[in-house]
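Okay, so here's the structure we're looking at.
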Amino acid sequence: MELMIALLRVLLVALAAYSAMAAASRRRRSRCYLLDYVCYKPPDDRKFSTETMRAVLDRSKRLDAPARRFLLRVVLRSGLGEHTYVPRTFFTGREDSPTHQDCLDEMDAFFHGAVAELLSRAGLGPRDVDVLVVNVSTFHPAPSLASRIVRAYGMRDDVAAYNLAGMGCAGVLVAVDLARNALRARSPRPALALVVSAECIAPNCYTGQDRSMMLGHCLFRCGGSAALLTSDPALRGRAKMELRLTVRTTVAADDDAHSAIVHREDAEGRAGISLSKSLPKVAVRAFTVNIERLAPRILPATELARLAAVAACRKLLRRGGAAAAATVNFKAGADHFCLHPGGVAVIDAVKRSMGLDERDVEPSRMMLHRWGNTSASSVWYVLSYMEAKGRLKVGDRVLMVGFGSGFKCNSCVWEVIGDMGDKGAWADCIDSYPPESLANPYIDKYGCTNGDDDASVGSNA
């Protein structure tokens, strides 16, 4: 009897050890690692300087003189530099009449540039990909862009392909979250996900006179990113970062938020993307909702206790008058801030809201200056700037935040777990950043354009 009891104890201990090992294995395989990523650099013959834009505006037959002055003035203070990129239609005089093939050509150039380079750098082939997520907001042909990539690269017939549209600039973190969940669904079998994010600029050239719809000319530029995510613990040693958490927020029930960024027709029936004057305030409001869910998950107990104490004091002092609001120290929970560069005013608003220093938002400002707003892929260019500058060290936590139509604010936290010393798309210019001044070099030449009366719209772009 004693022998049976002893054997039973040994069996129970072995079973408990096995269960613990199996649980640990499941946790490892449910993790999400960033193997590598690539930011696309279009060819130099697609660079769009201020002078080139002035020429495009001057040849337009649909824009009157006040509209041209308005657009040029907004460009001068948009925060964009002289080396951003646009589709080839802008150089062939067809920016207001792009064809379907023009849009496909723009996407194919990006796919062949970024996806091929990423797979080559990772030492993987297209048939190694288990999950494909493509995020392009305003261009969704049939067959889908995801199917186009599967065909172009000869991926397996069992690849899980997803095509996201209409998600705006915040769609990149929706794509990352979707890829992570798809990888988890395949656990315990390790899997590989390819996440492709871009925007098609060619079909979004607005030709009307509605100023809220003209701002896209001044902010959005060509670009794109491709990233490889995996749940395979055997590849952890090759990974750059590990995804710790994601938080997604949609405040579309609010009228102002829903109408902040809208694809619509103007009074003359011309379609375009409208950006409202309330956009910076809406972005901050959506971010506040997001951060209320994010903060308890990233801030240390000491910071949470301090905030609780401040809140308690405010409650006690409320009878005696207004009390100052508690300031959250976000740097206690993150070492770097990868913020979507939606425009100068958006960057400034989030900087004030989070209590950040200028160095914290430097990567976002520099991305806006060098590349413009490339929509969903923008945050990857911001991350690439940090990496090119050698700022990301093992153990560092990166808070990535994206804003987009809906209105959406999505965030995630990455932890650096590997070497991050690649200069990527910034290789040929990182040493010149940050420049002494971000002011447009043509501000004096075209300074006479500031006599128009709708300056507030442009400043909020």
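The values are calculated or read from the model by the stated rules, or taken from the named source; none is laboratory data. Only a predicted model underlies this, so the values are computations on that prediction, with no experimental measurement involved. Reconstructed Cβ throughout: ideal geometry from the backbone, glycine too, with neighbour counts over all protein chains shown. Note: areas computed on protein heavy atoms with side chains; ligands, DNA, RNA excluded. Shrake-Rupley method; radii C 1.70, N 1.55, O 1.52, S 1.80 Å.
The per residue volume of the convex hull around the alpha-carbon atoms of segment 246-361 is 146 Å³. A simple spin-label model places the labels of GLN101 and VAL262 3.6 nm from each other, with each point 7 Å out along Cα-to-Cβ. Roughly what % antiparallel, to the nearest 5, for the DSSP beta bridges in the chain? Among the beta bridges of the chain, antiparallel pairing accounts for roughly 70 percent. When nucleic acids and ligands are ignored and a 1.4 Å probe is applied, SER437 ends up with an accessible area of around 70 Å². Residues in the chain average 44 Å² of solvent-accessible surface per residue, probe 1.4 Å, ligands and nucleic acids excluded.
Pairs exceeding a 23 Å alpha-carbon distance, out of LYS240/LYS281; LYS281/LYS445; LYS281/LYS315; LYS240/LYS331: LYS240/LYS281; LYS281/LYS445; LYS281/LYS315.
Using a cut-off of under 18 Å, list every residue of segment 272-302 whose amide N is near the label point 7 Å from the Cα of ARG62 along the Cα-to-beta-carbon line. Under cut-off, by backbone N: 272-275.
For the chain, dividing the convex hull volume of the Cα atoms by the residue count gives 193 Å³ per residue. Note that segment 359-446, at 37 °C in a medium of 0.692 mPa s, gets a Stokes-Einstein diffusion coefficient of 228 µm²/s from its Kirkwood radius over C-alpha pairs. Over all pairs of distinct alpha carbons, what does the Kirkwood formula give as the hydrodynamic radius of segment 154-283, in Å? After inverting the pairwise mean of 1/r, the radius is 17.6 Å.
Modelled this way, with points 7 Å down the Cα-to-C-beta line, the labels at ILE443 and THR288 are 3.1 nm from one another.
For the chain, the fraction of 1.4 Å probe accessible surface lying on carbon and sulfur atoms is 54 percent. Within the chain, the whole DSSP H helices whose Cα atoms reach 20 Å or more along their own axis and whose mean Kyte-Doolittle score is at least 0.0 are 2-29, 171-185, 279-298, 301-317. Only protein heavy atoms count here; on that basis, with a 1.4 Å probe, TYR153 has an accessible area of about 40 Å². For segment 168-228, the Stokes-Einstein estimate of translational diffusion at 4 °C and a viscosity of 1.567 mPa s comes to 92 µm²/s, using the Kirkwood hydrodynamic radius over alpha-carbon pairs. Each label was represented as a point 7 Å from its Cα along the Cα-to-Cβ direction; for ARG94 and ALA271 these points are 1.8 nm apart.
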